[in-house]
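Trainee: Would you mind keeping the following structure in view while I ask a few things?
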């Protein structure tokens, strides 16, 4: 499964960035565009991951995703919305 989502910036939480996401097995990988290239980030989805419905200001239909980033090894909370 793949397609564009808008995600909340990880440095500036007021910025929302359109990214191309690919869900394959237990990995959610995102890229700058559908041309793929180098991955901007990879999340490992396992039994410790959580996804909850949320609302962020003017952004509706949000999903708060808590999952481990493959390249950092720590648990981060990210918000993504369908665009």
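Trainee: Using R₀ = 25 Å, calculate the FRET efficiency as 1/(1 + (r/R₀)^6) where r is the Cβ-Cβ separation of residue 38 and residue 15; round to 0.05. Let's see the in-between values first.
Mentor: Details: r = 20 Å, r/R0 = 0.81.
My answer for the efficiency is 0.80.
Trainee: How would you rank 15, 64, going from fewest to most other Cβ atoms within 10 Å of each one's own Cβ?
Mentor: Starting with the residue having the fewest Cβ neighbours, the order is 15, 64.
Trainee: Within a 10 angstrom radius of the beta carbon, how do 21, 61 rank from fewest other beta carbons to most?
Mentor: 61, 21
Trainee: Also, I was wondering about something else. Among 6, 58, what is the fewest-to-most ranking by other Cβ atoms within 10 Å?
Mentor: Numbers: 6 15, 58 6.
Ascending number of Cβ neighbours within 10 Å: 58, 6.
Just so you know, all these numbers are worked out from the coordinates, no wet-lab data involved. If you're wondering where the values come from, they're calculated on a predicted model, not measured in any experiment. Because the Cβ atoms are built from the backbone with ideal geometry, glycine has one as well, and the counts that use them run over all protein chains shown.
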